[in-house]
Amino acid sequence: MESDKNIEKLIEKYLEATTSLAEDEKLRAYFNQESVATHLEQYQPIFNYFSKAKEEQFTKLSTLSEPVKPSRKLNFRWVSVAAAVVLTFGLYFGNGAYQDYQEQKQARLAYEQTKEALNLLAKNFGKGTQKVALLGEFEIAKQKVLQ
């Protein structure tokens, strides 16, 4: 058959993935025979595997006694009902929170306006106090003149 040197070269080409189909067939034929060189016996399982794999056929497993149940599909009707319930609760409780926020906003605005009005009143009240002090001095001067 083939010489050992030729087979070694073909194995090197095979491991580098550069062999042709005809060369692959030569290698399979060489390793399928019973007498293989001892230094090449390590490659024999590789090529014997492919020839044995071609002979294998799928047979139905007899150990499965009950049929496979299909997976349960998600029932979209119940999902839509659940989404509607969540949305309703969100709107109900969210509306109350929004009204609380609006009330707090109005209370804050009223506080700011009241604070501004009281500051304006205090400022004008201070001006009036100065005028009354001047009237007090005028009254003192009037008393001195009349005496």
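The values are calculated or read from the model by the stated rules, or taken from the named source; none is laboratory data. Since the model is a prediction, treat every value here as computed from it, not as a measurement. Side chains included, ligands, DNA and RNA excluded: accessible areas come from the protein's heavy atoms. Shrake-Rupley method; radii C 1.70, N 1.55, O 1.52, S 1.80 Å.
Hey, can you find the accessible area per residue of the chain for me, probe 1.4 Å, expressed in square angstrom? Each step should come with its number before you reach the end.
Working: 13650 Å² over 147 residues.
Per residue, the chain has 93 Å² of solvent-accessible surface.
Counting each DSSP H run of 4 or more residues in the chain as -39500 (n - 2.57), what helix-only mean residue ellipticity at 222 nm follows after dividing by all residues, to the nearest 500 deg cm²/dmol?
On the way: 4 runs with 107 residues, N = 147.
My calculation for the chain gives -26000 deg cm²/dmol from helical runs alone.
I want to verify a result. In a Gaussian network model of the chain, Cα cutoff 10 Å, which of these has the top mean-square fluctuation: Glu112, Glu56, Glu16?
Glu16
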